[in-house]
1. Sort 22-29, 91-98 by packing, meaning the average of other beta carbons within 10 Å per residue, with the highest value first.
2. Of ALA47, VAL57, ALA18, which is farthest on the positive side of the dipole of the chain, counting Cα position, with +1 on Lys and Arg Cβ, -1 on Asp and Glu Cβ, and the Cα centre as origin?
3. Residues of the stretch 82-97 with the amide nitrogen closer than 14 Å to a label point 7 Å from the Cα of VAL57, along Cα-to-Cβ, please.
4. Roughly speaking, to the nearest percent, how much of the chain's 1.4 Å accessible area is carbon and sulfur?
5. In Å², what does the accessible area per residue of the chain work out to with a 1.4 Å probe?
6. For a test of the definition: using alpha carbon positions, the gyration tensor, and the 1.5 limit on a/c, classify the stretch 7-94 as rounded, prolate or oblate.
Amino acid sequence: VHELDASVDYYTRVLGMAIDFTAQGWAFLSRGSFRLMLGECPDAIPARELGDHSYFVYVTVEGIDEFYGEVVANGAALTQTLADKPWGMREFGVRTPDGHRLMFGQEL
């Protein structure tokens, strides 16, 4: 991520993750059993400039409808609204401030 503090704010405030610990240039976050490590790379090409290559992660969750309501209420920028997909998932997507695209889904 380009700005670690801004990204940590997004992941905690919008996506409801907790800070497990930090180290110089790193933040280790979690929500339930999902763990994420963010590293600050201010000189890297921002994900928002990578087009299709900004896809970052697909996270399977339980309670997708409630989670969707939570992140929308917290101001998430959606790339895809919550919908049932023909591949057997109910899913939605968000875009982080850096431009990473995150998908969340639950099996139908």
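The values are calculated or read from the model by the stated rules, or taken from the named source; none is laboratory data. Because the structure is predicted, anything quoted here is derived from the model rather than measured. Virtual Cβ from ideal backbone geometry, glycine too; neighbours counted across all protein chains shown. These area figures cover heavy atoms from the full protein model, side chains too; ligands, DNA and RNA do not enter into them. Shrake-Rupley method; radii C 1.70, N 1.55, O 1.52, S 1.80 Å.
1. Details: 22-29: 13.5, 91-98: 20.1.
Put in order of decreasing packing, that is 91-98, 22-29.
2. VAL57
3. Under cut-off, by backbone N: 94-97.
4. Details: 3270 of 6300 Å².
Looking at the chain in its full context, I get 52 percent from C and S.
5. Numbers: 6300 Å² over 108 residues.
Here the residues of the chain average 58 Å² of exposed surface.
6. Numbers: a/c = 1.98, a/b = 1.35, b/c = 1.46.
Oblate shape, in that a/c is at least 1.5 and b/c is the bigger or equal ratio.
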